[in-house]
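So the structure is just underneath, and the comments pick up after that.
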Amino acid sequence: MGQGPCPAQPGPGSLIPAPPLHIRSFLNATWAARRGAAPTPETLTLLWSSVISIFGLGGILGCLCSQSLVERFGKKKCLLFNNLFMLGASGVLAGSKMAASFEMALAGRLLIGFSSGVSLIIHPIYAGEIAPRSLRGFTNASVGIFVTLGKVFGQVLGLRELLGTESLWPCLLGCTGVTALLQLVTLPFFPESPRYLLMEKGDQEACWKAVQQLWGPGDHKAEVEDMRKEQAGLTGLGPRGPLQLLRDHSLRRPVSISFILGIAMQFSGINAIYFYASEVLQQAGFSEWLIPYVSMGIGICDVFSSVLCTFIIEQFSRRGLLLTSYFQMTFHEPPPGPPPGLTLVSWMALCSAILLFLFIFFFSAGAAGTSMCVIMELFDQATRPAAMLIMGMLLWGGNFLLAVLFPLLVATLGSFCFLVFSSILMGTWIFIYLFLPETRGRSIADIAAAFVQCSSCLLTLLYPPKCSEQQSAP
């Protein structure tokens, strides 16, 4: 029972195969102790699915509250309060077995989900705003490293040799509070976001002090001047909500790109691998004892690819990385099992594992970190929180839908369900090629001008005679 897509938290799904068995036993024993009889299979399934799915509900609630919290308290204070919330929630989860209360497990999962939803929105915004433009891509992509590290820590600690035992699984759930405590101790030494201090608080002196503390002594006038120019364009405009963002015709293209990238990340097949890694590997022919270690290898590959992304994202264009990533993912989409009629042999299990690792590599080294970075760069200070809220809702909603629909998709299409994911990936590649301009090192005004140029090029491509006549007209 890992945690969701929150920095430094374990990832979801069956990548931790041992603890779910013990937690189901705990639910069964707790119900039997109270009612005097064991629950029916249907009741036990309902309890287990509730413990799993309520985490996503908490994430959605956290996303919805994140913007109002940021506007009221600022990014740094929100993260500090959120860590206190996470510590309390992890304590509730860890104490559920001692209290013999599955209600505490449900409440803890809901609270952890809420905290993860808040963190998923605010953490990338704060990390991106405290970085200079030359390191913005590196900083935004580094968020993915901590997401993948959380998954790997969950896999390693959840092994039967460590905390994945009948007596120690509550300690595994309580480990969520360790990373929250670490951030709670270190974050007070960091300043508030310079952009927040200047654009929303109007405190130029505090902004300059924060810049000096974050970036060191030196000439940072160009960066601060860019903030002032952006602030001048925001005069009279406060932070905008998601509905205002969707109604603004001038932001239709950035919002559309955010929607496509968010949907592609969720329905590329990556979360199907995370949710059902054990089942996919079992169908591929791996023995039961080997599956947890292959799953852990997938997580390590994920971390390595995320680290690689932070080093190459400032060396290559954002658009080029996304195009390469989605192209490679399209042709390395792993099927969940052998095609019908084909005998399952050892070399097929090896091929399935290779496809899994290659797919994870190209996703984490490209689409995962670069998509978040592009969305951060497409929006200004007033619209960025709302854009991240929309992205968060897509991520959490996609997680929930995929967890529900993937087994049905496999039951209907069998091993050929990967063709659905491949079609989504190819469609995303075409969309990026036609509509996404380069955002690396560009200001909001430069990106807006690039959108106009991109539209002009597309119009010329679709209607060359008409465009030629308009250009030759006096």
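List the aspartates and glutamates whose Cα lies under 14 Å from the Cα of residue 151, skipping any in the same chain that are fewer than 8 positions away.
302
What lysines does residue 229 reach when the alpha-carbon gap must be under 29 Å and sequence neighbours fewer than 8 apart in one chain are set aside?
In chain and number order, the partners are 75, 76, 77, 201, 209, 221.
Assign unit charges at the C-beta atoms only (+1 for Lys and Arg, -1 for Asp and Glu), then state the dipole size of segment 17-190 relative to its Cα centre in Debye, rounded to the nearest 20.
Result for segment 17-190 is approximately 260 debye, rounded to the nearest 20.
Can you pull the one-decimal nm distance between simple spin-label points at residue 426 and residue 37, each 7 Å off the Cα toward Cβ?
Modelled inter-label distance: 5.5 nm.
Pop a pseudo-label 7 angstrom from the Cα along the beta-carbon direction at both residue 46 and residue 316 and give the gap in nm to one decimal.
According to this spin-label approximation, the distance is 5.1 nm.
For an R0 of 51 angstrom, estimate the FRET efficiency from the Cβ-Cβ distance between residue 205 and residue 101 and round to the nearest 0.05.
Numbers: r = 51 Å, r/R0 = 1.01.
Efficiency at R0 = 51 Å is approximately 0.50.
How much length is gained on full extension from residue 68 to residue 249, taking 0.36 nm per residue of separation minus their Cα-Cα distance?
My answer for the length gained is 62.8 nm.
Grab the Cα-Cα distance for residue 221 and residue 289, subtract it from 0.36 nm times how many residues apart they are, and report the gain in nm with one decimal.
Once the chain is fully extended between residue 221 and residue 289, it gains 18.6 nm.
Sorted by mean Cβ packing within 10 Å, highest first, what order do the peptides 373-385, 78-90 take?
Numbers: 373-385: 23.5, 78-90: 20.2.
Ranking, from highest mean packing down: 373-385, 78-90.
Straight distance only, please: which aspartates and glutamates reach the Cα of residue 97 with their own Cα at less than 16 Å, same-chain residues fewer than 8 apart left out?
166
At 0.36 nm per residue, minus the direct Cα-Cα distance, what do residue 24 and residue 408 gain on full extension? Give it in nm, one decimal, please. Each step should come with its number before you reach the end.
Details: separation 384, 0.36 × 384 = 138.24 nm, distance 2.28 nm.
Gain in length upon complete extension: 136.0 nm.
Sorting check: for 142-151, 35-44, which peptide has the highest mean count of neighbouring beta carbons within 10 Å, and how do the rest follow?
So the peptides 142-151, 35-44, ranked by packing, come out 142-151, 35-44.
None of the figures in this text is laboratory data; all of them are computed from the coordinates on show. Values in this document were obtained by computation on a predicted structure and should not be read as measured data. Positions of Cβ are backbone-derived with ideal geometry, glycine not excepted, and every protein chain shown enters the neighbour counts.
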